[in-house]
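Right, one structure below, let's go through it.
The values are calculated or read from the model by the stated rules, or taken from the named source; none is laboratory data. Values in this document were obtained by computation on a predicted structure and should not be read as measured data. In this analysis, Cβ positions are derived from the backbone assuming ideal geometry, glycine residues included, and neighbour counts consider all displayed protein chains.
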Ligand code: 3DU
C-alpha cells in the first residue's frame, strides 16, 4: 500500500452495487479499501477480488484463533486477492506467527489490532494494548491498528513501535476522531467508513479528509 493520500475507506455497506458505486467514486482519494464481515457475509468473498483489481484491499477479519485455523483463514483471504489482513494479537505470538507465515507465502501484509476505538475498549483491551504493540515488533507484520478516538493511545503506541511499523487508525468521522489530529500524533493512515459511504457525495467527503490531512498544521 503506497502512502499517498493517507486515507483508507472502510466499506461496510452490505449491498454489492452500493459497494462498487462508493468505491468507484472514491478510488482516486484512497490508498486502500478495508472490507470486513458485513460486506463479505452478504455478498461473498468475491467482492474482495472485484475491488482489489482497482485498489489494495485490507481484509478486516480480526483473525483470532489457534494457529492452524488462523493459517486456514489467511489462506482464503489471500486467495481472494486481499493485499493485507487485520488480525488480533491477544491470542498470542504463535497465532500471530501463523498469520505472518501465511502472508509471507503470498507476499502479503498483516496488521495487528493494538487498541480499539470504541468506549468498551477501556474495559479489557487497553490493559493489554502496550503488550500487543511490543509483541508486534520483530514479528514481520507491517503495522498495527490504533484508535483515532484516543490519540494518546496512538502517541503511546508510536513510542513503543518507533518507525518500524505503520499505524492505521480507525475512528475518524462518525466515531468522532479527527484525521489531522491522529496523523499528527503518529498515525500513517486514517480509516473512515460511515462519514464517507453514508454521504450523498462520498467523493466530496473523501476529498475533504484528504485535504484536511494535507493542509494540517
Ligand atoms: O466508524 P466508521 O464507520 O468510520 O468505521 C470504522 C471502521 O473501522 C469499521 O469497519 C470498524 O469495524 C473498524 N474498526 C474500528 O472502528 C475500530 C477499531 O478499533 C478497529 C476497527
Legend entry - Selection count, the stretch 56-91, where residues are surrounded by fewer than 17 Cβ atoms within 10 Å (Cβ to Cβ) and part of a strand (DSSP E or B): 1
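Suppose we filter 39, 96 for residues that are more than 13 Å from the chain's Cα centre (by Cα), more than 16 Å from the ligand (Cβ to nearest atom), crowded, with 17+ Cβ neighbours inside 10 Å and assigned to a helix (DSSP H, G or I); which single one remains?
One residue alone meets the criteria, 96.
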Legend entry - Count of the stretch 132-154 residues which are within 16 Å of the ligand (Cβ to nearest atom), outside any loop (DSSP other than H, G, I, E, B) and within 17 Å of residue 112 (Cα to Cα): 8
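Yes/no per residue for (1) surrounded by fewer than 24 Cβ atoms within 10 Å (Cβ to Cβ); (2) in contact with a helix residue (DSSP H, G or I) (Cβ under 8 Å, 6 or more places away or on another chain):
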site	(1), (2)
122	yes, no
131	yes, no
151	yes, yes
157	no, yes
163	yes, no
175	yes, no
188	yes, no
205	yes, yes
212	yes, yes
Legend entry - Residue list for the stretch 99-117, filter: at pLDDT 95 or above and not in a helix (DSSP H, G or I): 107, 108, 109, 110, 111, 112, 113, 114, 115, 116
Inset, instruction - Name every residue in the stretch 191-205 that is in contact (Cβ under 8 Å) with a residue 60 or more places away in the chain, over 15 Å from residue 27 (Cβ atoms) and in a helix (DSSP H, G or I), in order of residue number. - result: 194
Legend entry - Of the criteria (1) part of a helix (DSSP H, G or I); (2) within 16 Å of the ligand (Cβ to nearest atom); (3) within 27 Å of residue 22 (Cβ to Cβ), which one residue 187 fails: (1)
Legend entry - Hits in the stretch 206-217 (condition: assigned to a helix (DSSP H, G or I) and out of contact with any strand residue (DSSP E or B) (no Cβ under 8 Å at 6 or more places or on another chain)): 207, 208, 211, 212, 214
